[in-house]
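The block underneath contains the structure these notes are about, expressed in C-alpha cells.
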Amino acid sequence: MKKITILLVLCASAFIGTSQIDATINPLGLLFGNFGVGGDVALSDNFSTELGLGFGSRSFDDGLTGTYKFTNLSVEATGKYYLNPDKGADKFYTGAFLRYIKRGYSYDSPQITFDTNAAGQLVEVEYNGDYDQTRFGLGFLLGYKLVANSNFVFDFNLGAGTAIADSFKYADSVGNDISIDWPSLMIVGKLGVGYRFGS
C-alpha cells in the first residue's frame, strides 16, 4: 500500500509539473453565499478541459412564512476550443458543457398563522413546504480568458443548453407532493479570477 501511495504522489507531481492549470474562483458568488472553484487543464494551445464545483447554503426569513434554508450543489465539465491563442489556452473560445445541479430548500422555523376551516372554526396553519430539484444537461458556450504576464487569470463565459434529465418536486404546507414542469432551458455563466500554474 505504501508503494502505491508513493507512486500516485510521484505521478501527480509529474502531471502538475508538466501541465498548465488555471485555478479560479467565482468572487461574485460569495456575495450570495455560493462558493465556486474551477480547474482548467490545457491539453494544447487550442484546447483545454475544465472541472468546476459550486456549493452553497444560506437561510432566509421572507417575513411571511418563516425562515427557510436553501442549499445547492453543482458540478460542471467543460471542453474549450481557443480560436486564436496568444499564451496558450487563452483569449476567445467556444466550447461545450455538461452540468449537474442539485438544489432545494426546507423550512427551519416555519411561521404559524391562524385561519378558518370549512366549518368556520379557527385553526393553526403551519407553513412547512419545501422543494427539491435535480437537473442534468448539456449545451454550448462562448467565452474569453485573459492571462496577464504575472499569470493572473480572468475567465468569463456564457452559455445555454437543455436539461436531458430533470426532477422537480414541491411539497405544500399540508404535505401534498406536487410535481412541476420546469423549463428545459439551462443557462450557464462564469466570472472567474485565479492563477495559472505550470506552462
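The values are calculated or read from the model by the stated rules, or taken from the named source; none is laboratory data. What you are looking at is a predicted structure, and each value in this text was computed from that prediction instead of being measured. Every residue, glycine as well, gets a Cβ built from its backbone with ideal geometry; the counts of neighbours run over all protein chains shown.
Observations on the model:
- Residue, modelled with the lowest pLDDT, within region 33-50, restricted to residues that are within 14 Å of Leu191 (Cα to Cα) and either small (Gly, Ala, Ser) or part of a loop (DSSP other than H, G, I, E, B) (or both): Gly36
- Considering region 52-68, the residues that are modelled with pLDDT of 80 or more and of a type outside the set (S, T, N, Q) include one that is surrounded by the most Cβ atoms within 10 Å (Cβ to Cβ), namely Gly52.
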